[in-house]
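Accompanying notes for the structure given below.
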Number of protein chains: 2
Amino acid sequence: MTVGIRDVARAAGVSTATVSRALGKGPVSEALRAQVDAAVRATGYRPNLSARRLRSQATQTVGLIVADIRNPFFTAVSRAVEDAAYDAGMRVILCNTDEDSAREAMYLRLMEEERVSGVIFAPTRATAEALGPGDLPFPTVFIDRAGPPGLHDSVVLDNAGASAALVDHLVAKGFARIGGLFGSTSSTAQERRDGYAAAMARHGLDACVRSVLPQADAAEAAASAWLEEPGRPEALVLSNGQILMGAFRAARRRGLRIPNDLALAGFDNEPWTDLVDPGLTVIEQPVAEIGAQAMRLLFERIATPDQPVRKVTLSGRAILRGSTGAA
Amino acid sequence: MTVGIRDVARAAGVSTATVSRALGKGPVSEALRAQVDAAVRATGYRPNLSARRLRSQATQTVGLIVADIRNPFFTAVSRAVEDAAYDAGMRVILCNTDEDSAREAMYLRLMEEERVSGVIFAPTRATAEALGPGDLPFPTVFIDRAGPPGLHDSVVLDNAGASAALVDHLVAKGFARIGGLFGSTSSTAQERRDGYAAAMARHGLDACVRSVLPQADAAEAAASAWLEEPGRPEALVLSNGQILMGAFRAARRRGLRIPNDLALAGFDNEPWTDLVDPGLTVIEQPVAEIGAQAMRLLFERIATPDQPVRKVTLSGRAILRGSTGAA
DNA sequence: ACAAGTGTTGAAAACGTTTTCATAATTCAT
DNA sequence: ATGAATTATGAAAACGTTTTCAACACTTGT
C-alpha cells in the first residue's frame, strides 16, 4: 500500500541504493538524480523516518525537558532552542515535567529510548542533587538550573548577582524590612535566595525568607498570609514570574498600595509586568541568548564529547519600574 | 557497544522473541518473564523506539500543530492534549508554525514522514482554504480554527455567538460607536468579525472593522493609529489575547481612560487581564475542554476512519470586568 | 597502449525490533 | 489411552531504509 524506496527505484529504473544517494548527498550523476526526482514526485514518496533513523543510527533529534511550559520563560527559551535546532536540521522533542521528579525520570528514560543526540534539561533540585556520573547517558546541557557541579555543561543566569541588584536597588530606595519569597523546587531559586541573603547581610539588614511552590496561586496564598502578620515586610523580592504574580495579587487583595505600603521586585520581564499599575521592577533574563547558547554548547559537546565541562553564566538586566518607587 | 534485545535474550537464556513478548504483553510463562526482567535490569537494556516503530508500524505518536506556542491559549490547549495522549500511552510532537504557511507545509510533511497516527491542527486561514480532499493523508482534527467544511473533524468555539455577546454587552452599557479589530490570519478571527457585524446590524449600528496580524505590537500600532483619527470608536472588540494586549497598550499610550474614554472587550481570559486596572472584559475559552475533546475525536477517528465527520462547538463564557464599565 | 586512479552504480548486508510460522509440550475430551 | 485443541517457545522473516563492498566505466599519466 504505502510507497517505499523500492517503488521509487522501480519507477526510476535504478537501484534503491541510488535512490537513497539521490535523496541524500551521495554521488549520483545528474541524469539519474533527475530520474529519481521525477519518480519521487510521481509516486508521492515520503521517506520513513523511523527506518532512516534505525539504519543510520542518527536520530537528528534533541530533547528539551522543561519544568513548566506555561511559564513564559520556558516558552521563550524553547522558541530559541527550536530555531537553533531547525537551522541545524534537527528536531526537538519538548517535554514538560510540571516540577515533578517522577515525570522527569520518565522523560529521561524516553530520551534514552529515542536515542536522542543530546538533551537540554532544566531539572528540579531533587533530581539535580540525585544525579551521579553516568546517570545521563547522552550529552546534556543544563539550563536555567545547574546540575551536579562539574559533571555537565550548563548555561545559567548570574542569579546571586541579580538578586543582589534587586536588594541594592530597594535599599537605595529607602526600604529596610525586605523579605524574600523564593521557589522551593529549583537550585535557581536557592541561588537567588542566597544572593538576596548575602546582599542583605552586606547592608547590615536582617534577611527573612520563605519558600513556596513556584506557582501563582501557591505564592498568592503564602504572600497573603505573610502580609497579614505583624511586622510584615515593606518590600518583597520574588524569585520568578509566577511568584511575582502571586505576590501582586496578594497585595491587591489586601488593599496595599504599591510601592507605598509594599514594594515589589522580582524576576522575569513578562509582558504583563509592564501593563499593571504601577509597573513591576524585574530582572529581565536573556531568554533567547540562553536557548541559543544551550544549543551551541550541546552541539559542541556532541561533536567533541571529551572536552572539559563548561558553564556559561549570563547576566540579567534590571528593569526599574514603579513598584519599587523608581521612574 | 549498545545493548540490544539479543543481549538480553542471551543473558536470560531465551530467544529474542520471548524477550519481546515478555516486554510487551505476549504470552510468556511466569518463570521466563522473571528471568527476562532480571536480564533487562542486569544489562540496563533500553528498547530502541525507532526499531520498534519501524517493525510494528505503530508510532504511538500524534502531532499537534499550533500557530503560536507563546499564546497562552495554545499552551493551555497543548497541556490538555498532552495529558490525554499520555493517558493513552501516546507521544505528542508539538510544532509551532508562527502563522506561517510555509512552516505549516513543512510540519505537515514531517507528520507524514514520522508516520504519526493522527494530527491535531490549528491552521492559518490560507492553508485551511487551500486544503483539498486527500491533502492530509492521516486522521486530522482541526482545533480552534475549522478546516475546509465537511472534510475533517473539528472542535471550535462558538465564535460568532461569543462576539455577539460582547457587542450586546457593550450596547447594554450604552456604547454605540463600537469598532472591531480582528486577526487577519485565522478563520476564527473571521467568524468573530462576522458575529460582531451581525450583532451590530441587529442593533441597528454601523459596523467598523479593521484587520491586523494577531500580535501585540502590530495590534498596538494599528489601534494607536485608529484612536488618533477623528470619529474614533468609543469601544473596541478585540479578537484575541494578543490583540487585546496591543489595544490596551495603545489606549494607555494615548492617555485614554478606560472605560470612560474607551471601552475594551476581547477574547482569552489570560491571567494578566485580571491584573490590570481596570480588569478587562473577556470571553473565556474552555481550553482544557477543547484539548480533551480534540483528542477524543482524534482517537475515535483513528479507531473508525470512515465514520461521518463531526464538529464540536463549545461555548465561551463572558467574564465582565471594569473595562466595559461592568462590576 | 597500459596501469593506476576516479567516480557511479547495484547487490546484498545491516540497523534492532516484532511478528509470523512451525514445533514441542501440555491439557482436555472422549 | 488417544487424538484434538491449546499453549509456550524459538528460528527466521520482515519492517524501510542506509551503507558496505565489489564491479564497472571512464580518465589520466606515462
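Laboratory data are not the source of any read-out in this text; all were calculated from the coordinates shown. Predicted model only: the values in this text are computed from it and were never measured. Because the Cβ atoms are built from the backbone with ideal geometry, glycine has one as well, and the counts that use them run over all protein chains shown.
Using the Cα gyration tensor of region B:5-54, with a ≥ b ≥ c the square roots of its eigenvalues, what is the shape: rounded (a/c below 1.5), prolate (a/b larger than b/c) or oblate (neither)?
oblate
Amide H of A:Ala318: which non-local residues (sequence gap of 5 or more, or other chain) have their own amide H closer than 5 Å, using H built in the peptide plane?
Long-range HN contacts for A:Ala318: A:Glu284.
Run the helix sum for chain A: -39,500 (n - 2.57) per DSSP H stretch of 4+ residues, divided by residue count, reported at 222 nm to the nearest 500 deg cm²/dmol.
For chain A, the value works out to -14000 deg cm²/dmol.
Using the alpha-carbon atoms, what tilt in degrees (0 to 90, nearest 10) does helix B:216-228 show relative to the longest principal axis of chain B?
10 degrees
Going through region B:197-285, which trypsin sites (Lys or Arg not before Pro) have at most 15 other Cβ atoms within 10 Å and a DSSP loop state?
In loop regions of region B:197-285 (DSSP not H, G, I, E or B), the sparsely surrounded trypsin sites (Lys or Arg not before Pro) are B:Arg254, B:Arg257.
Can you work out which chain A residue has the shortest Cβ-to-axis distance for the rotation that carries A onto B, and give it in Å?
Here the nearest residue and distance are A:Trp272, 2.
Sorted from shortest, what are the nm distances separating the label point of B:Asp100 from equivalent points in the other copies, each placed 7 Å from Cα along Cα to C-beta?
With the label placed 7 Å along Cα→Cβ, B:Asp100 yields 3.4 nm.
How high is the relative contact order of region A:40-153, in percent, with contacts defined as C-alpha pairs under 8 Å that are six or more residues apart? Intermediate results must be reported in sequence, preceding the final value.
Values: 144 pairs, mean separation 30.5, N = 114.
It rounds to 27 percent for region A:40-153.
Taking only C-alpha pairs under 8 Å that are 6+ residues apart, what is the relative contact order of chain A in percent?
Value for chain A: 16 percent.
Would you work out if chain A is rounded, prolate or oblate? Take a ≥ b ≥ c from the square roots of the eigenvalues of the alpha-carbon gyration tensor; rounded if a/c is under 1.5, else prolate when a/b is larger than b/c, oblate otherwise.
It comes out prolate by the Cα gyration axes.
Working from Cα positions, state the angle (0 to 90°, nearest 10) between the long axis of helix B:187-202 and the longest principal axis of chain B.
30 degrees
Pop a pseudo-label 7 angstrom from the Cα along the beta-carbon direction at both A:Leu256 and A:Glu284 and give the gap in nm to one decimal.
Computed distance between label sites A:Leu256 and A:Glu284 equals 2.7 nm.
In region A:285-319, which trypsin sites (Lys or Arg not before Pro) fall in coil by DSSP and have 15 or fewer other Cβ atoms within 10 Å?
Numbers: sites: A:Arg296, A:Arg301, A:Arg310, A:Lys311, A:Arg317; in loops: A:Arg310.
Within region A:285-319, the qualifying trypsin sites (Lys or Arg not before Pro) (loop, at most 15 other Cβ atoms within 10 Å) are A:Arg310.
In nm, one decimal, shortest first: how far is the label point of B:Ser29 (7 Å from Cα along Cα to beta carbon) from the matching points in the other copies?
B:Ser29 label point versus its equivalents elsewhere: 6.1 nm.
Among B:Pro137, B:Pro233, B:Pro72, determine the one that fluctuates most according to a GNM of chain B built with springs between C-alpha atoms less than 10 Å apart.
B:Pro137
Just add up the charged neighbours of A:Gly147: K/R +1, D/E -1, any other residue whose Cβ is under 15 Å from the Cβ of A:Gly147.
Computed value for this residue: -1.
Rank the residues A:Leu298, A:Leu275 as a footprinting-exposure proxy: fewest other Cβ atoms within 10 Å of their Cβ go first.
On the way: A:Leu298 27, A:Leu275 19.
By the 10 Å Cβ count, ascending: A:Leu275, A:Leu298.
If one takes the longest principal axis of the Cα atoms in chain B, at what angle in degrees, from 0 to 90 and to the nearest 10, does the Cα axis of helix B:101-114 lie?
20 degrees
Taking the Cα centre of region B:159-285 as origin and charging only Cβ (+1 Lys, Arg; -1 Asp, Glu), how large is the dipole, in debye to the nearest 20? All intermediate terms of the calculation are to be shown ahead of the outcome.
Numbers: 12 positive and 15 negative charges, 60 e Å.
With Lys and Arg at +1 and Asp and Glu at -1, about 280 debye.
How far, in nm to one decimal, is A:Ala176 from itself in the other copies if the label point is set 7 angstrom along Cα toward Cβ? Shortest first, please.
6.0
Give the percent of DSSP beta bridges with both residues in chain A that are antiparallel, rounded to the nearest 5.
Numbers: 3 of 37 bridges.
Counting only bridges with both partners in chain A, antiparallel ones make up about 10 percent.
Need one word for the protein assembly as shown: rounded, prolate or oblate. Basis is the Cα gyration tensor (sqrt eigenvalues a ≥ b ≥ c); a/c below 1.5 gives rounded, then a/b vs b/c decides.
Cα axes put the protein assembly as shown in the oblate bin.
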